[in-house]
Amino acid sequence: MDIFRIIGIGFATTITALIVKQVKPEIAIVISISGGVLMILMLVDSLTSIISVFNALIAKSGISSGIFSSVLKIIGIGYITEFSANLCQDAGTNSVANKILLAGKILILVSALPIVSNIIEIISEILP
């Protein structure tokens with residue numbers, strides 16, 4: 001299973017970063033980032049299958065593909081924001097991490113506006 005390989009890389013990255021951090025803290029951050037990117041790259045096949053399932057749902061439902069693409073965009077923004085903020089927290093810059101989280105929340109809200117307006121249009125058509 002892929003999860004065991006990802007966990008193994010996570011543990012190896014953590015242990016290596018902790019050992020190196022005592023000698024060269026700036027290299028420990030690079031090790032942490034590299035391990036995180038490697039773990040994300042291992043998930044590319046899973047992400048591709050998720051997108052193909054969403055494409056099948058779009059074809060079956062008849063709902064505009066813009067709504068589904070907005071949902072995928074919102075999910076992507078959330079994951080990338082969380083990953084980036086955690087990296088900043090690991091590097092000891094909590095204030096930067098908080099700014100990244102705030103920016104992610106604002107971008108999610110902006111991305112959700114078309115969905116909200118579409119829902120309001122549907123409700124106004126249903127109500128007399």
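The values are calculated or read from the model by the stated rules, or taken from the named source; none is laboratory data. In this text the structure is predicted, and so the values were computed from the model without any measurement. So basically every Cβ, Gly included, is an ideal-geometry build from the backbone, and we count neighbours across all protein chains shown.
Can you pull out the helices (runs of 4 or more DSSP H) entirely within segment 1-82 that have at least 3 residues that are exposed (fewer than 12 other Cβ atoms within 10 Å of the Cβ) and either aliphatic (A, V, I, L, M) or at pLDDT 90 or above (or both)? Break it down into steps so the answer makes sense when it comes.
On the way: elements: 2-21, 25-41, 44-61.
In segment 1-82, 2-21, 44-61 are the helices (runs of 4 or more DSSP H) which contain 3 or more residues that are exposed (fewer than 12 other Cβ atoms within 10 Å of the Cβ) and either aliphatic (A, V, I, L, M) or at pLDDT 90 or above (or both).
Consider only pairs whose beta carbons are under 7 Å apart and that are at least six residues apart or on different chains; among these, list those whose first residue lies in segment 57-80 and is more than 12 Å from PRO114 (Cβ to Cβ) and whose second residue is modelled with pLDDT of 90 or more.
ILE77/GLY104; ILE77/LEU107; ILE77/ILE108; ILE77/SER111; GLY78/GLY104; GLY78/ILE108
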